[in-house]
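Contents: one structure, followed by commentary.
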Amino acid sequence: MNIRKIDDRFATTGQVRPDDVAQLAQDGFAAIVCARPDNEEPGQPAFAAIAREAEKHGMKAVHIPVTGAPSAAQVDRFEEAMETIDGPVLGYCRSGARSAALYSSIGQ
């Protein structure tokens, strides 16, 4: 995984796999936000598998699937989720770009 730190609150990466989650928890992430729709490409892990692993490691997991530019509703949902998370958040999608777009949309 190639994690790109945006600031102390948020970082992005490409696809997370269930076996990555333990290391993310050890690295200090409090939550994972997935901006990738399930079944976007063959072999992609389902968000539910990531969420199960996150829960096992005391992390919150939020799914806000985005195709293209984030909608106002998706940005609102992301902002609400960020307000409930204490600590650093890792956003992911295929490349990290949609996750970064969500974060920049809330003016951080």
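Coordinate-derived values only; no laboratory data. Here the structure is a predicted model, which means the values were calculated and not measured. Glycine also receives a Cβ, built like all others from the backbone with ideal geometry; neighbour counts cover every protein chain displayed.
For the chain, the dipole from Cβ point charges (+1 on Lys and Arg, -1 on Asp and Glu) about the Cα centre works out to 200 debye, to the nearest 20. Would you kindly state how much longer the chain becomes between ALA48 and ARG9 on full extension, computed as 0.36 nm times their sequence separation minus their alpha carbon distance, in nm to one decimal? Stretched fully, the ALA48-ARG9 segment lengthens by 11.7 nm. Of all DSSP beta bridges confined to the chain, the antiparallel ones make up roughly 15%. So how far, in whole Å, is the C-alpha centre of segment 51-78 from the one of segment 79-108? Taking the Cα centre of segment 79-108 as reference, the centre of segment 51-78 is 8 Å away.
Contact order for the chain, expressed relative to its length and based on alpha carbon pairs under 8 Å spaced 6+ residues apart, stands at 39 percent. If you take all other residues with their beta carbon under 12 Å from the beta carbon of ILE50, and give Lys and Arg +1 and Asp and Glu -1, the sum is 0. The simple spin-label model puts a point 7 Å past each Cα toward its Cβ; for LYS56 and GLU80 those points are separated by 3.0 nm.
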